[in-house]
1. Can you sort Y199, Y324 by how many other beta carbons sit within 10 Å, fewest first?
2. All other residues with a Cβ under 10 Å from the Cβ of A295 taken together, and with Lys, Arg as +1 and Asp, Glu as -1, what is their net charge?
3. What ranking do H111, H54 get, fewest neighbouring Cβ atoms within 10 angstrom at the top?
4. Using Cβ counts within 10 Å as a stand-in for footprinting exposure, how do C385, C39 rank, fewest first?
5. Can you give me the three principal axis dimensions of the range 307-419 from its C-alpha atoms, in Å, biggest first?
6. For A414 and E12, calculate 0.36 nm times their separation in residues minus their Cα-Cα distance, and state this gained length in nm to one decimal.
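The numbers here are math on the coordinates, done by the rules we state, and not lab data. Computed from a predicted structure; not experimentally measured. Quick reminder, even Gly has a Cβ in these numbers, built from the backbone with ideal geometry, and neighbours come from all protein chains shown.
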Amino acid sequence: MASVGQSADSIEAEVFLQELHDALAHLRELPVRRGHPLCRRLGKRSPVSTTALHHLLLNAIEQLRPAPQVEPDAPRWRRYHYLRLRYVEGARLGQVIAELGISERQARREHNAALQELAAQLLQATEGSVEATDEAATRPAPDDAVIPTDREAYQELEAELTSLELSVEIELMRLPTAVEDALDLVAPFAAARGVVFEYVPARDPLAIIASPTIVRQILLNALTYLAGIETTRRLRVSIADGGVSVEIHLLPVETRATRGPGENSPTLPLLMASRLSEGQEAELRTELLPSGGTAIRMRFLTNEAPLILVVDDNPGIVRLFRRYVRGEDLRLIQARNGIHAQQLARALRPDAIILDLMMPIQDGWDLFKSIRADPETTTIPVIACSVLPERDLALAIGADNFLAKPVSAESLLAALRPYRTAPRRRPASAETSPGSP
């Protein structure tokens with residue numbers, strides 16, 4: 001409640017912060033909601049849509065990312081990570097506190113400071129441009145439209161990339177299929193620029209663990225980037241390391257005539273490829289070759305390293321867990337529902353399953369019974385996970401361990417310690433198709 005003598009401006013600022021806090025707390029729901037007070041506040045002539053508000057919030061958070069030269073332990077990084085973990089990745093407050101290594105009291109201070117910074121960034125970012133956000137998807141850009149810089153475009157696409165990652169599923173797949181699809185799709189783009197591809201396939205490639213949709217998009221962006229460089233005439237695409245790596249070599253040639261002004265910079269596709277690779281736990285490196293050419297090397301997650309299947313409807317939980325196990329010889333993948341979890345358990349035979357007991361549609365209890373009843377998955381260790389005090393019940397019905405939420409880094413590492421050195425489980429057949437029963 002406002003105090004006596006409090007100015008109208010300060011009251012308005014408090015109301016704005018309250019509305020911003022509420023919008024962040026319901027960030028994932030915004031695209032399907034009918035409205036929010038911020039929609040009217042940020043629209044100069046008429047309210048913006050909740051979808052546009054969702055994008056504006058994500059973009060404003062990303063704008064707060066400090067420059068690479070800022071020290072990693074600087075307050076600016078801590079506030080950025082707080083907002084990203086708490087609202088973009090959906091981590092619970094206890095998980096954020098554990099991840100950042102701060103106290104609950106400090107977390108409140110970081111929250112307030114981050115909210116103030118975000119409010120200022122959001123107002124600045126939307127000044128005079130909010131209406132265009134709603135119209136952009138339905139109106140073609142005029143011929144004289146200003147092409148945004150790579151950084152601006154990257155930030156605007158962040159929301160779309162996050163949405164894409166949350167809508168696709170991980171599976172056991174063959175990398176050559178994605179490579180060949182990408183080469184077919186980018187062929188007209190390359191031909192228009194006089195670029196020729198040399199393709200070196202792999203013999204008997206191993207399977208990788210990834211989303212076919214995301215892998216193909218990573219490849220498309222990398223190929224588009226190299227084919228868009230003015231000096232490119234020939235690209236060699238090869239699949240190496242038993243079928244889990246892709247190498248794209250831009251072979252040195254004489255310089256061609258520079259394309260005319262107004263064409264998009266080729267840098268953005270590579271930024272997108274790098275961003276998407278992070279979500280697939282794939283390594284992506286760009287390097288200059290001694291011969292004078294350029295190479296992009298991509299290595300994807302295989303079915304060889306110790307593998308943990310995390311079954312949780314929280315889309316950000318596996319990202320948090322990956323931070324916890326960074327540096328350990330472990331690979332984590334996520335299933336967000338029971339059907340996908342059973343498919344992955346059969347196809348990948350993970351070394352252990354972390355199973356959230358409270359999920360919509362099919363809860364963890366039902367899924368646990370299905371895993372134990374299936375001859376193909378019955379021996380896979382299951383670590384039950386819940387915010388409720390259900391340890392004794394979970395262990396009594398046969399769970400191998402229990403994790404209480406919010407999960408700390410120490411408790412997760414302790415629960416996974418037996419699987420870091422255990423022999424890797426393998427599917428009954430190397431030819432098992434993704435999701436096959």
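1. Working: Y199 13, Y324 20.
Fewest-to-most ranking of Y199, Y324: Y199, Y324.
2. Details: positive: R236, R285, R297; negative: E247, E287.
Neighbour charge sum, excluding A295 itself: +1.
3. On the way: H111 18, H54 22.
Ranked by crowding around the Cβ, least crowded first: H111, H54.
4. Values: C385 27, C39 24.
Listed from fewest to most nearby Cβ atoms, that is C39, C385.
5. 34, 31, 26
6. Numbers: separation 402, 0.36 × 402 = 144.72 nm, distance 4.83 nm.
Stretched out fully, the A414 to E12 stretch lengthens by 139.9 nm.
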